[in-house]
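Colleague: Dropping a structure here in structure tokens format, bear with me for questions.
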Amino acid sequence: MLSLPHLVILFVIALMVFGPQKLPELARMLGKATAEFRKMTSDFRFALEDEVRELERNTRIREEEIAAAARAAQAPVPMPSVAPEGAVPRETPDAAIPAPSIEPHNEVSVTPHADSASPQPSTEPVSVPNEKHSDDNSAV
């Protein structure tokens, strides 16, 4: 940056070269040229910023469309509630295989009664005698 003594020296040189009549006119033209240059640079800057904002907006819209397409591709396709004509309904694995029923094993002894033709189950529990295994040598 020029200091005050340098500016004074430049002013004196311009005064001697152009004269006192032309100096105010040159200063006015220099001021107008500076203002026009500033206006052009600010217009260019605003146009450039608008273009950048438009590009960012288009990029953001494109990314949202890609994300929506990815979400749609990952979402399961809903099955129609009514089967098309001629279609054979599919059985689900749960309905195709019946669940086995586990019932406790009760030993019931049947004793024939003289007054009844059909056997009646006894409510007394039947015990199984404990048998000694052949390889059990500990109990003698």
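Colleague: Could you work out the mean projected area of the convex hull around the alpha carbons of region 1-53, in square nanometres to one decimal?
Modeller: Averaged projected hull area, Cα only: 5.0 nm².
Colleague: Through the Karplus equation 6.51 cos²θ - 1.76 cosθ + 1.60, θ set to phi - 60°, convert the phi angles of region 52-61 into ³J(HN,Hα) values in whole Hz; use x for Gly and Pro.
Modeller: 5, 4, 5, 5, 5, 4, 5, 5, 5, 5
Colleague: I'd like the Karplus ³J(HN,Hα) series for region 40-46: coefficients 6.51, -1.76, 1.60, θ = phi - 60°, whole numbers in Hz, and an x wherever there's a Gly or Pro.
Modeller: Karplus-based 3J(HN,Hα) across region 40-46 equals 5, 5, 5, 4, 5, 4, 5 Hz.
Colleague: How much length is gained if the chain between residue 1 and residue 75 is pulled fully straight, taking 0.36 nm per residue apart and subtracting their Cα-Cα distance, in nm to one decimal?
Modeller: Separation in residues times 0.36 nm, less the Cα-Cα distance, equals 20.1 nm.
Colleague: Which whole-Hz ³J(HN,Hα) couplings does region 67-74 yield from phi under the Karplus relation 6.51 cos²θ - 1.76 cosθ + 1.60, θ = phi - 60°, glycine and proline marked x?
Modeller: 5, 5, 5, 5, 5, 5, 6, 7
Colleague: What is the dipole size for region 1-83, taken about its Cα centre, with +1 at each Lys and Arg Cβ and -1 at each Asp and Glu Cβ, in debye to the nearest 20?
Modeller: 360
Every number here is computed from the coordinates shown, using simple stated rules; none is lab data. Being a predicted model, the structure only gives us computed values, none of them experimental. FYI the Cβ positions are ideal-geometry reconstructions off the backbone, even for glycines, and counts take in every protein chain you see.
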